[in-house]
Amino acid sequence: MVKRELRLGIDYGTSASKMVFRDPLAPGGEKTYVVVRDGNFRIPSSVALTAENLVFGCSPGACELLDLPLWYESVKMRVAGEATSNYRKYCYGPLPNLPRGLTARDIATLTVWYLIGEGHYVASRFLRAEPDEVATSVTLGIPMSFFEDGLLRRTFLSIARRARSIYIKYGRMVSGKIQLDEARKIIEESSHDNMDEAEIPKDALRNWIRSEAEAGLCLAVKSPGVPEGAYAEIDIGAGTTHASVFWIWSRFRGGRWLKDRLAFYGVRSEPVGMDAVDAVLAPLGGLALDECLRLRGEERETIDRVGAGSLDCVVKEIRETYIRAWRRACLMLNLAEREGFRHHDIFVAGGGSLIPEITTILATHPDGYERPLSIRRLGKPDDLLRTDGKAILGEDIPFLVVAYGLSYNALEVPEAYMPGGMHPQTIPEKKFVGWEEM
């Protein structure tokens, strides 16, 4: 049987996950579709623990299972803390004890298995095909700082591979829950199905896992409205803020200039984001601290009531992520290159991009130049649709750009030069020439 081949991009978020699948055989040409469940494309990443089960796809503030005794949130960041034995660096908030015999990496693996199943199920129904008539390959997004770190890169590669093998063997996690004993058994079996990173070619590795920065900027590189040049991107998610300083390069091929490379000069991730914003706003808005997530999506109204000044400390922390990425970039830029970043534009993504009090402070250059930087937002790609037929709004795009970029095959995305691998032999050949070098 010839199967319909799709690529599913999974933006596994700290608070919510988003998925987009790419269909090369869509009517009228290749298209991408946002996976929508129950009218929402944001699938909670939280995991609940009952006496006998793990429950996926719910959140403490929006779940009918109100008697659930324990929630695991920010699992992705807990994996990083567990792998590096540095919870203080990666984790924001409480760390409840995990079920006996399961690690944070195991919980993340089960979560990605659940997400693969949901994505494949929604895609099959949308295409009016049986699940076994559709073949789905999967690319998982991770922060660039994780991708640069050998230990974390291997950890999340293992998560992606094991989750995929579990789905192939067991199919979809029906009803989004699994008994604890069954979870332990499946995890134990999957621990033998792994592959060392050294055995995986570069492009194949980027098809398993890819940095969120690369994926999020794929739309920018391919957009005719974004010229070659210097940029920064700040993705303000639920539990983390990721900042990158980069250059979009082009080269002359086939009789024309094509943008086809990204050179990242500085990146930084910090465990501060919209969770921290909500934690500050909750007491001021009359909520207990442990109810702060009820404000998600309603921050604007609360800020209008309590005043924007209440966010000063958190906003400064978010901007500090950008400043640290810039400082790292400065170590790699010569004088002429640094001058090229004097007026760079900034792309903002994630929930924080919808809060003007945050984006306004990002417009100040880290070096303190008087002229403010331009904040840019990407428009909706023409080929991006929802599986429920509803329109995609402009305010949805900051949440979807990463999953959209992940839905591309690695051979179709711009070549990326990472900060850790940048040296004179690997930096793109088209570089500024400083006046002192002329």
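The values are calculated or read from the model by the stated rules, or taken from the named source; none is laboratory data. As the structure is a prediction and not an experimental result, all values here were calculated from the model. Cβ placement follows ideal geometry from the backbone for every residue including glycine, while neighbour counts extend to all protein chains displayed.
Descriptive notes on the structure:
- Among the candidates Ser158, Ser137, Ser165, the residue that is of a type in the set (S, T, N, Q) and over 16 Å from Arg105 (Cα atoms) is uniquely Ser137.
- Only residues that are crowded, with 18+ Cβ neighbours inside 10 Å and part of a loop (DSSP other than H, G, I, E, B) were counted across segment 71-97, and they come to 4.
- Taking (1) modelled with pLDDT under 90; (2) not in a helix (DSSP H, G or I) in turn, Arg128 satisfies each apart from (1).
- Strands (runs of 3 or more DSSP E) completely within segment 23-64 that count 2 or more residues being outside the structural domain of Gly239 (by TED's automatic domain parsing) and under 24 Å from Asp181 (Cα atoms): 47-49, 53-56
- The set of residues from segment 294-309 being assigned to a helix (DSSP H, G or I) and touching a residue at least 40 places away in the same chain (Cβ under 8 Å) comprises Arg294, Glu299, Arg300, Ile303, Ala308.
- Of all residues in segment 235-291 being polar (S, T, N, Q) and under 22 Å from Gly350 (Cβ atoms), the one that is surrounded by the fewest Cβ atoms within 10 Å (Cβ to Cβ): Ser269
- Scope segment 1-37; condition hydrophobic (A, V, I, L, M, F, W, C) and free of Cβ contacts under 8 Å to residues at least 40 places away in the same chain; matching residues: Val2, Leu25, Ala26
- Complete set of residues in segment 350-395 that are under 13 Å from Tyr322 (Cα atoms) and under 22 Å from the mean Cα position of the chain (by Cα): Ile358, Thr359, Leu362
- Residues satisfying the stated conditions in segment 16-31, i.e. of a type outside the set (D, E, K, R) and surrounded by fewer than 24 Cβ atoms within 10 Å (Cβ to Cβ): Ala16, Pro24, Leu25, Ala26, Pro27, Gly28, Gly29
- Elements of type helices (runs of 4 or more DSSP H) contained in segment 311-393, each with 2 or more residues being crowded, with 20+ Cβ neighbours inside 10 Å and in contact with a Gly (Cβ under 9 Å, 6 or more places away or on another chain): 312-330
- Check on Glu82, modelled with pLDDT under 90 and of a type in the set (D, E, K, R): no
- Qualifying residue in segment 110-124 (condition: in a helix (DSSP H, G or I), of a type in the set (Ser, Thr, Tyr) and free of Cβ contacts under 8 Å to residues at least 60 places away in the same chain): yes
Conditions (1) buried (at least 20 other Cβ atoms within 10 Å of the Cβ); (2) within 25 Å of the chain's Cα centre (by Cα); (3) acidic (Asp, Glu), marked per residue:
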{"site": "Arg128", "(1), (2), (3)": "no, no, no"}
{"site": "Ser158", "(1), (2), (3)": "yes, yes, no"}
{"site": "Tyr167", "(1), (2), (3)": "yes, yes, no"}
{"site": "Glu182", "(1), (2), (3)": "no, no, yes"}
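- Restricting Ser175, Ser223, Ser211 to residues that are of a type in the set (Gly, Ala, Ser) and touching a helix residue (DSSP H, G or I) at 6+ places or on another chain (Cβ under 8 Å) narrows the list to Ser211.
- Hits in segment 352-374 - residues which are in contact with a Phe, Trp or Tyr (Cβ under 9 Å, 6 or more places away or on another chain) and over 18 Å from Gly309 (Cα atoms): His365, Pro366, Asp367
- Odd one out for Thr103 among (1) in contact (Cβ under 8 Å) with a residue 24 or more places away in the chain; (2) under 16 Å from Ile186 (Cβ atoms): (1)
- Residue list for segment 158-185, filter: under 25 Å from Pro131 (Cα atoms) and either among the aliphatic types (A, V, I, L, M) or not assigned by TED's automatic domain parsing to the domain that holds Lys89 (or both): Ile159, Ala160, Ala163, Ile166, Ile168, Met173, Val174, Ile178, Ala183
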